[in-house]
Amino acid sequence: MSSVMTESGRKPPHETLDAQLVRYWEREAARFDELSARASFSWLGRLYARKAQRALEKAERSRAREIARGRLPATAQVAASDGDSSG
């Protein structure tokens with residue numbers, strides 16, 4: 001089993017739970033958005049839209065923790081919120 005090294009000869013930092021959660025909640029938000037668009041009843045569409053919004057909020061909290069750790073550039077937070085037109 002070979003170990004992966006960076007250019008500086010050190011092992012890359014392990015992936016944190018917050019990094020995994022960012023991806024998970026973004027995937028869930030996309031899934032809920034799709035369900036919202038395909039909902040047969042308007043009340044169900046609104047329910048899925050709210051779930052999508054909560055998922056994005058959870059992803060943003062985990063992203064902020066990653067930025068605070070210095071694992072993501074601060075521009076990642078700005079870029080992520082640029083695509084959010086709801087408010």
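Read-outs: derived from the displayed coordinates by stated rules, not from any lab. What you see is a predicted model, and the numbers here were worked out from it, not measured in a lab. Backbone-built Cβ (ideal geometry, glycine too); neighbour counts: all protein chains shown.
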Using the crude model of +1 on Lys and Arg Cβ and -1 on Asp and Glu Cβ, and no other charge, please compute the dipole size for segment 17-69 relative to its Cα centre, in debye to 20.
120
Rounded to two decimal places and with Rh computed the Kirkwood way over Cα pairs, what is Rg over Rh for segment 17-69?
1.11
Using θ = phi - 60° and the Karplus curve 6.51 cos²θ - 1.76 cosθ + 1.60, what whole-Hz ³J(HN,Hα) does each residue of segment 60-73 get, with Gly and Pro shown as x?
5, 4, 5, 4, 4, 5, 5, 5, 4, 6, x, 8, 10, x
Listed with the fewest Cβ neighbours within 10 Å leading, T75, T16 appear as T75, T16
If neighbour count is taken as other Cβ atoms inside 10 Å, put E28, E57 in order from fewest to most.
E57, E28
Net charge (Lys, Arg +1; Asp, Glu -1) of residues whose beta-carbon lies under 12 Å from that of E34, E34 excluded, is +2
